[in-house]
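Structure, as structure tokens:
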Amino acid sequence: MSSDPDTPRRTVGRTPLMGLATLMERVFAGAGLGPLAQRLIDRASADPEDAEALLDLSSALYLANNPDLARATQEQALAIRRLYSLARPADPPGLRVLAIMAPGEPSANTPVDFLVENSDVALDLYYLVPGRPEAPPVDDYDRIFVAVGESDRNAPILREAEALLAGCACPVLNAPAHIARLSRDHVFAALHSAPGIVVPATARVGRHALEGIAAQGPAAHPVVEGAGFPIVVRPVGSHAGRGLAKLDAPSALPEYLRTAPGDEFYAMPFVDYRGADGLFRKYRVVLIGGRPYACHMAISDHWMIHYLNAGMGESAAKRAEEARFFARFEEDFARRHHDALRTLGEGVALDYFGIDCGETATGELLIFEVDSALIVHALDPVDLYPYKPPQMRKVFDAFRALLGAG
């Protein structure tokens, strides 16, 4: 098997990659991935060089929560080929874009295929493999988009991407050096003093240090300097609430550490962001070329909100509030937080990124996460969420305009 990077011309005649967006559409539509996975296995068995089948199979396995087999399958695909083409739009395409990707689970990268689906953009994915820094093929593209997300695992890949793209004649969007500054502790250091923005004090703490605090009991030094309990703690690199917990006292640390994975954790003081009605609201907003766009709003009676566990599909009242949030976003939320969002955009200095956020009781923008790889999609059923497709069309059109202006 060759480990040399492909050129765009060497992908001609191969079956295009289905991609994450197409696979997740099947999941949201209720179609099982089992039969599709079997067809991909059959393809790979018939042609051991069918890297597209293997990479799609890897994504399907990640979605089926089989990460070990998914990772091994992805490694097999990337040993064959680094460059992948998704199904082409009209020929010739309006814009040819190369996304620089990192190996790993879907959350490792900006899911660019969601953002350009049903557009005139021809999207190729090029995977940078750690320690094998071959230059990506850039000559046949109009834009380069760095899709690699921030994480400890991706740090060396971002450094390699920065070196490989230095002096690139093709416009590069989302500079790798700026993505690398999106860690939770760096975001706190950069933004905690900005007016109108609240970023809870964030410390990166080792397992041994947390065990020591637990052993000291009530007399222990604070986990986060200047802040006591309750705290929110999570393993470094975790997403979607995995390992995330609110601990009310040092005595809760031993049980948490007994089951939590990893040796490094982020800890921050808990901020009670309930509204006057006792409900918590979490917003996902993307900034595209510095301008904010609403993506979703989740409402829950629990502080740890994810859109899929907030009961939005079961509550017409919650959906109606989200629809109002979309309809009034520019003159309400975006106007209220105009200065904070502008400061955030200038401080992060990326062409495209997202935030998960709330609002404090005093009306400040409460930042939970800043990430260039947050998933943004239009997969929710239209019968329940008729207000979503027009809003997401605004997001996707703005991203297409960003690519065109890059």
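Each reported figure results from applying straightforward, stated rules to the coordinates on display, with no laboratory input. Computed from a predicted model, the values in this text were never measured in an experiment. Using ideal geometry, Cβ is built from the backbone for each residue, glycine included, and neighbour counts are taken over all protein chains shown.
The residue 302 and residue 140 beta-carbon pair, evaluated with R₀ = 45 Å, returns a calculated FRET efficiency of approximately 0.35. Extension gain for residue 309 to residue 383 (0.36 nm times residue separation, less C-alpha to C-alpha distance): 24.7 nm. Packing around the peptides 305-317, 388-400, taken as the average count of other Cβ atoms within 10 Å per residue, puts them in this order, highest first: 388-400, 305-317. With a Förster radius of 35 Å, plug the Cβ-Cβ distance of residue 14 and residue 71 into 1/(1 + (r/R0)^6) and report the FRET value to the nearest 0.05. With R0 = 35 Å, the Cβ-Cβ based efficiency is 0.95. Other residues whose C-beta falls under 14 angstrom from the C-beta of residue 201 contribute a net charge of 0, scoring Lys and Arg +1 and Asp and Glu -1.
For the chain, the fraction of C-alpha pairs farther apart than 35 angstrom is 29 percent.
Straight-line cross-link reach from residue 246 at under 20 Å between alpha-carbon atoms covers these lysines, not counting any fewer than eight positions away in the same chain: 282.
With the simple model of a label 7 Å out from the Cα in the direction of the Cβ, residue 405 to residue 279 spans 3.5 nm. Here region 280-405 is treated with +1 on each Lys and Arg Cβ and -1 on each Asp and Glu Cβ, and its dipole about the Cα centre works out to around 300 debye. For the chain, what relative contact order do you get, as a whole percent, if you take Cα pairs closer than 8 Å and at least 6 residues apart? Once divided by the residue count of the chain, the mean separation gives 15 percent.
Annotation: extensible slack from residue 397 through residue 64 equals 116.8 nm (criterion: 0.36 nm per residue apart, minus Cα-Cα distance). Rounded to the nearest 0.05, the FRET efficiency derived from the C-beta distance between residue 163 and residue 332 at R0 = 41 Å is 0.40.
Looking at region 193-271, the trypsin sites (Lys or Arg not before Pro) that sit in a DSSP loop and have at most 16 other Cβ atoms within 10 Å of their own Cβ are 242.
Remark: 332, 142 ranked as 332, 142, counting other beta-carbon atoms within 10 Å and listing the fewest first.
Here the label points at residue 263 and residue 190, each 7 Å from Cα along the C-beta direction, are separated by 2.8 nm in the simple model. Here the contact order of region 8-179, divided by its residue count and restricted to Cα pairs under 8 Å and six or more residues apart, works out to 20 percent. Fully extending the segment from residue 361 to residue 153 would add 71.3 nm, taking 0.36 nm per residue of separation and subtracting the current Cα-Cα distance.
Considered as an equivalent ellipsoid built on the Cα gyration tensor, region 38-196 has semi-axes of 28, 20, 16 Å, the largest given first. Using only side-chain charges placed at the Cβ, +1 for Lys and Arg and -1 for Asp and Glu, the dipole size of the chain relative to its Cα centre rounds to 340 debye.
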